[in-house]
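**Q** This structure is in structure tokens; I'll ask about it shortly.
Derivation of every value follows stated rules applied to the coordinates shown; laboratory data play no part. Because the structure is a prediction, the values reported are computed rather than measured. Backbone-built Cβ (ideal geometry, glycine too); neighbour counts: all protein chains shown.
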Amino acid sequence: MTAQGLLREYQGHIVPQSYNAGFVALSLVVSLVGAGSTLELINRRTGPRGLFNHLLLMSSAVSMGGVSIWCMHFVGNRAIDLADGEPDMQVAYSSGFTAVSFFVPILVLLAAFVAVGTNNSVSWWRLITGGVLCGTAVCGMHYLGNASIDNYTCVYRPAYVVSSAIIAIVASNVALAMFFVFRAVWANSWWKRVISAVVLAGAVSGMHWCAAAGTRYRLVKIKPEGIEPSRSATVVVVICLSLSACFIIAISAILRVRNMRRSALRAQQITLGAAIFDKAGRILIDPDGFIPSTVVTDSFLEKNTKEGFNIGHPLFHWMFLASRNWGMISSLVGGMRQHVSQLPHSRTHKDGRRGIQLVSDHGEMIESYDMIFRELFCLAAAALAGRLRTDLTSIGVLWDEILPTGANGRRPRAQQQKPSLGGFAPEATESSDDKHGSLDMAEKGINTRQQDYGRGLLMFLISRADSDREAERFVSAGYRFAELHQVSEIIRSSMHIKSHEFETKLRDMPTYTSEQNQLLPGVHLGFFAIRARVSSGFEVLARKGARNLLPSMALPFKTLEDWQIHFLMQFTNMSVSRILQSFKDDDAFQRATREAEFAGQLSDTIKALREWMQEPLFEDAILTSSTVRVPCQGDEGRSEATMIAMRLVIPIHSVLSSPNCEFVPHSFFKMRQVLPQFNQDFMQGVHMKFGHIPKTIDRREGSQDTTIGLSSKMWPFGRSDTLVGASDVIGLEAIWIGLDLSENCWTGFGFLEDLDWIGLIGNQLLELQ
């Protein structure tokens with residue numbers, strides 16, 4: 001039939017309609033793709049400020065309004081065949097209204113997503129407001145899009161109009177509520193986001209097809225030719241926008257997989273992470289649940305089989321002090337970066353700290369390895385600061401524990417047979433490093449601590465964002481603060497951390513640098529227990545979560561008087577049980593004298609310490625003959641406290657049962673006690689060591705022995721076999737816990753039989769090492 005014939009037959013009448021099943025299915029897919037990309041973009045939005053967050057907000061509004069709603073609408077209308085598919089009788093659109101119908105829902109959705117917000121806690125009035133605006137955008141776009149039809153008048157059934165509006169608003173509220181509730185509790189795994197996307201797409205599609213079922217088309221005129229965009233042209237635009245949404249989803253999935261893969265590879269290396277907490281104790285993570293981190297080195301090369309990298313290693317001690325002097329280190333970072341970039345590299349990379357050859361072609365360790373390791377630590381901290389858009393001076397202090405990461409297992413035979421040049425593994429191209437496995441350097445006197453394939457180490461720099469402005473800066477950079485109980489398991493699994501008490505450790509971190517981990521002025525009863533290590537050296541019993549402190553309990557007075565000190569000397573070398581029994585049996589202590597009062601206070605404190613420790617070995621501890629002054633934190637800065645010490649040598653194979661104590665390397669514990677005194681010497685040594693790097697960068701450095709010798713003069717922990725002597729800790733009074741120098745207290749302990757007691761960090765004890 002001709003166009004004129006069709007016009008005469010249908011003009012002013014309702015035109016019969018049918019639906020194309022293929023386009024119906026396509027409209028559902030387009031709506032789902034748009035909704036999925038929208039939720040993915042919203043999930044990555046971390047705050048109301050910052051260019052990145054603004055871009056995500058606009059993109060999510062375009063994805064929802066332009067793809068899920070607008071594209072779905074026109075694909076859905078393309079599924080409507082009028083007058084048995086006669087070309088001249090199909091729907092034609094007005095260009096102006098079509099453009100308006102594209103931008104209006106985007107603007108409404110911008111308001112909806114702003115109303116929903118980005119808070120970790122769910123605000124129901126915000127969600128309801130956002131859901132109503134989102135449903136309004138769906139309904140408004142649908143009827144505005146129908147208003148752009150140029151050759152038909154749409155006839156609506158009121159019941160279908162109301163039902164479609166209810167579907168849009170209710171489903172939008174349900175979808176957004178599901179998504180943001182999952183997001184708030186960090187339970188937003190991919191399949192939960194898919195469910196939320198399906199519900200949100202159902203809001204759009206359900207509203208559209210409910211309204212379409214109640215819509216009839218009354219012919220006004222035959223479709224004009226060459227005036228309005230053709231239906232095919234509209235479909236082309238829809239396809240382009242839909243592909244853009246698919247691209248967003250694909251990129252997001254690729255980034256997530258890439259981050260997971262990178263995290264798995266980092267778990268096999270020595271990594272530095274930034275644990276940043278806000279004033280509420282929440283931790284900073286990215287939208288995928290990862291703590292900001294970067295690789296320091298792919299493995300640690302040992303000079304001997306007993307030199308594993310741990311908190312007792314001199315290099316860790318240096319890093320520990322460096323993190324407390326970033327103000328001085330920051331001026332040297334440029335020279336360090338230049339020096340590292342000019343070292344021999346096994347491959348070229350824009351980041352000079354990647355791909356460094358730690359072992360020469362002849363299997364010899366690179367010169368000044370210790371210095372390079374320190375530089376790499378400082379550069380890794382600087383890289384973290386740059387990523388977080390903060391200064392190096394604010395990146396935090398090094399935590400006093402190293403966590404194992406990665407998986408246990410043996411390196412594949414094929415990789416074991418491939419020699420490596422060593423080096424610092426790149427973060428973006430780690431896959432190539434698998435071709436450069438650990439070099440078997442045992443015959444050359446060099447060892448690597450990665451006999452177990454896939455094992456790594458994770459260190460943390462800890463800081464606090466105590467002001468709202470500081471916290472907002474991190475959020476604007478694309479990170480979020482989350483409750484520890486919600487994300488601790490996500491962090492542990494995503495970063496492959498091998499610690500079952502990881503959440504407990506995270507809870508201890510916010511107070512790590514606070515006064516809670518400092519001894520307060522006054523008189524304390526302390527317990528000094530030392531145990532020989534199977535490999536070498538000693539370890540000291542310390543408080544769990546405060547490894548710089550001995551287990552102790554405060555007594556109810558501020559100072560010790562001379563008569564109290566003389567009173568204590570009566571019980572020298574007596575065990576805890578004997579002391580308590582003496583207080584109970586001696587009639588003199590039952591009378592109302594000052595000695596009796598002091599004995600009662602001491603007895604109560606011993607019992608309180610025993611109850612707090614919950615350690616049976618404490619019963620064997622004996623009282624020392626003198627008291628000592630201990631560094632502490634007073635109201636006016638550094639101060640001193642007085643400590644009455646109980647001592648004990650714990651057998652090497654004894655198992656600790658106390659839930660509140662743990663053993664720490666003796667060298668690390670000693671360094672923590674003398675740290676304030678070495679601060680100035682440390683800063684001078686660093687400037688001497690690294691300050692002239694830019695001037696000497698093209699000159700061959702001296703031998704490693706010369707370097708180490710110089711380091712030991714400037715820095716007392718510069719060598720693994722060099723520890724602080726008594727002369728280095730002047731002012732600690734009898735070597736911190738100053739027990740009688742002439743007293744033999746090691747009876748029955750084998751090789752320590754003739755050792756005079758000299759306290760926590762005495763010379764004779766060190767000589768045994």
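**Q** What full-extension length gain, to one decimal in nm, is calculated for residue 310 and residue 597 as 0.36 nm per residue of separation minus the Cα-Cα distance?
**A** Numbers: separation 287, 0.36 × 287 = 103.32 nm, distance 4.60 nm.
Result: 98.7 nm gained on full extension.
**Q** Residues with amide H under 5 Å of residue 640's amide H, sequence separation 5 or more or different chain, H placed in the peptide plane at 1.01 Å from N; which?
**A** Here the answer is 632, since their amide H atoms fall under 5 Å of that of residue 640.
**Q** By average Cβ neighbour count within 10 Å, what is the ranking of 270-279, 554-563, 140-149 from highest down?
**A** Working: 270-279: 23.8, 554-563: 12.7, 140-149: 21.0.
Top to bottom by mean Cβ count within 10 Å: 270-279, 140-149, 554-563.
**Q** Nearest 0.05, what FRET efficiency do residue 565 and residue 466 give at R0 = 35 Å with Cβ-Cβ as r?
**A** Values: r = 42 Å, r/R0 = 1.21.
It comes to 0.25.
**Q** What's the ranking of 69-81, 321-333, 16-28, 172-184 by average number of surrounding C-beta atoms within 10 Å, highest first? The partial results should precede the final answer.
**A** On the way: 69-81: 24.5, 321-333: 18.2, 16-28: 15.1, 172-184: 21.4.
Put in order of decreasing packing, that is 69-81, 172-184, 321-333, 16-28.
**Q** Any idea how far the Cα center of region 596-673 sits from the one of region 46-105, in Å?
**A** 72
**Q** Still on this structure, I have one more. Would you mind computing, in nm to one decimal, how far apart the modelled labels at residue 20 and residue 533 are, each placed 7 Å from Cα along Cα→Cβ?
**A** Inter-label distance under the simple model: 7.5 nm.
**Q** Now a separate question. Ranking 124, 399 by Cβ neighbours within 10 Å, fewest first, what do you get?
**A** Working: 124 11, 399 23.
By the 10 Å Cβ count, ascending: 124, 399.
**Q** Express in whole angstrom the spacing between the alpha-carbon centres of region 234-300 and region 485-504.
**A** Centre-to-centre distance over Cα atoms comes out at 17 Å.
**Q** Further question: Is the shape of region 20-258 rounded, prolate or oblate, going by the alpha carbon gyration tensor and its root eigenvalues a ≥ b ≥ c, with a/c under 1.5 for rounded and a/b larger than b/c for prolate?
**A** Details: a/c = 2.13, a/b = 1.76, b/c = 1.21.
Cα axes put region 20-258 in the prolate bin.
**Q** Continuing with the same structure: With 20 Å as the limit, write out which pairs from 279/498; 558/584; 505/544; 279/670 have Cα-Cα distances beyond it, or answer none. Numbers along the way, then the final one.
**A** Working: 279/498 28 Å; 558/584 25 Å; 505/544 10 Å; 279/670 31 Å.
Beyond 20 Å between Cα atoms: 279/498; 558/584; 279/670.
**Q** Modelled label-to-label distance, residue 582 and residue 608, 7 Å Cα→beta-carbon offset: nm?
**A** My value for the distance between the label points is 2.2 nm.
**Q** Between residue 633 and residue 8, what is the spin-label point distance in nm, taking each point 7 Å from the Cα along the Cα→C-beta axis?
**A** For residue 633 paired with residue 8, the spin-label model returns 9.7 nm.
**Q** I'd like to compare 31-38, 291-298: which one has the highest average count of other Cβ atoms within 10 Å, and what's the full order after that? Mind showing how you got there, number by number?
**A** Details: 31-38: 28.1, 291-298: 23.8.
Order by mean packing, descending: 31-38, 291-298.
**Q** Continuing with this model, one more query. Neighbouring Cβ atoms within 10 Å as the yardstick, rank 469, 337, 49 fewest first.
**A** Numbers: 469 8, 337 19, 49 13.
Ascending Cβ contact count within 10 Å gives the list 469, 49, 337.
**Q** I've got another one for you. If all Cα-Cα distances of region 265-338 are sorted into 10 Å bins from 0 onward, what percent lands in each bin, rounded to whole numbers?
**A** Bin by bin from 0 Å, the calculated values are 15, 35, 38, 12, 1.
**Q** Rounding to the nearest 20 debye, state how big the charge dipole of region 20-258 is about its Cα centre with +1 on each Lys and Arg Cβ and -1 on each Asp and Glu Cβ.
**A** The calculated dipole for region 20-258 is roughly 900 debye.
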